[in-house]
1. Go through (1) more than 21 Å from GLY224 (Cβ to Cβ); (2) in contact with a Ser or Thr (Cβ under 6 Å, 6 or more places away or on another chain); (3) in contact (Cβ under 8 Å) with a residue 24 or more places away in the chain one by one and return the number of the condition GLU146 breaks.
2. Failed condition for LYS103, given (1) at pLDDT below 90; (2) of a type outside the set (Ser, Thr, Tyr); (3) surrounded by 17 or more Cβ atoms within 10 Å (Cβ to Cβ), with all others met?
3. Residue by residue through the range 158-174, note down the ones that are within 27 Å of VAL189 (Cα to Cα) and in contact with a Pro (Cβ under 9 Å, 6 or more places away or on another chain).
4. Please enumerate the residues belonging to the range 76-94 that are over 28 Å from VAL132 (Cα atoms), buried (at least 16 other Cβ atoms within 10 Å of the Cβ) and out of contact with any Asp or Glu (no Cβ under 6 Å at 6 or more places or on another chain).
5. Residues in the range 189-209 that are over 12 Å from TRP162 (Cβ atoms) and without any contact (Cβ under 8 Å) to a residue 60 or more places away in the chain: how many?
6. May I ask you to list the residues in the range 192-229 that are among the charged types (D, E, K, R) and either at pLDDT below 90 or within 17 Å of ALA124 (Cβ to Cβ) (or both)?
7. Being within 16 Å of the chain's Cα centre (by Cα) and of a type in the set (S, T, N, Q) narrows it down to one of THR70, THR100, so name that one.
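The values are calculated or read from the model by the stated rules, or taken from the named source; none is laboratory data. Predicted, not measured: the structure shown is a model, and the values here were computed from it. All Cβ positions, glycine included, derive from the backbone under ideal geometry; neighbour counts span all protein chains shown.
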Amino acid sequence: MRKLILLGAALLLLSPAAAPAQDTYHLPQADQHWRESPRHFSAGFQVGMIFPTHDDVTDVYGTKGDAIYTLHGGWRMVHELELHAEGAYTFYEGNGVDPTGGKTKEKYKLHIAPAEVGLLYRFAFWPDQIVVPYAAGHYVYTYWFEEKLDSADKNRGLISGWSAQGGLMLLLDDIEKRASGRLESDWGVNNTYLVYQYKYMAVDDFGQDQDKTLDLSAQVHTLGVTFQF
């Protein structure tokens, strides 16, 4: 009998304890943020204000800012150098100008859609750098369309130029690492940034005859989001 009791006690000690069934549903999930996939592209959007700088525009439409909407994307070439492209849209509204320089009652609307391509470099030197400055230069090709409201009068054209821009990118991944990890594992999004950007656009056909071309030069301030994947 003593041998049976000792054998039973030994079996109880060696057998694995059964975990309660409900505990299997509350196991913490591992943070997958560290599992970073290769990064080749970027994409994002920005919204801000554009301020015209040349009297071709300011005489009719004024100097106050108007909203501008931008989509952008890029392909990572070497290190943090990126082939970068942007497309945007904005419009101005204002009154005509008489020969004396005074305002008339005629109302005009000028639609502007610049497309840009160039190079962008991000000054990122270590993984998960919190603040990343960047700079870029673009060739700009702009479609414009001006209409006289309540009239059939319309003008349109294409103007080329260049732009220079710089900005700061604030890394958002550390705010919610688990959500960042899900973006990484499900969609391949390595990093998400909040972005501020300043841009100067010289859109005047590279200084051609000002009597034959419209000067759409402007300064632009925007905020937006950039995804790297």
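1. The failed condition is (2).
2. Failed condition: (3).
3. Matches in the range 158-174: GLY166, GLY167, LEU168, MET169.
4. Filtering the range 76-94 down to residues over 28 Å from VAL132 (Cα atoms) leaves 91-94.
Now drop any that are not buried (at least 16 other Cβ atoms within 10 Å of the Cβ), which leaves 91-92, 94.
Hits for the range 76-94 are PHE91, GLY94.
5. Within the range 189-209, residues that are over 12 Å from TRP162 (Cβ atoms) and without any contact (Cβ under 8 Å) to a residue 60 or more places away in the chain number 7.
6. ASP209, ASP211, LYS212
7. THR70
Rundown of residues vs (1) modelled with pLDDT under 95; (2) over 28 Å from TYR92 (Cβ atoms); (3) in a helix (DSSP H, G or I); (4) not polar (S, T, N, Q), yes/no style:
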residue: SER160; (1), (2), (3), (4): no, no, no, no
residue: GLN165; (1), (2), (3), (4): no, no, no, no
residue: GLY181; (1), (2), (3), (4): yes, yes, yes, yes
residue: GLU184; (1), (2), (3), (4): yes, yes, yes, yes
residue: VAL189; (1), (2), (3), (4): yes, yes, no, yes
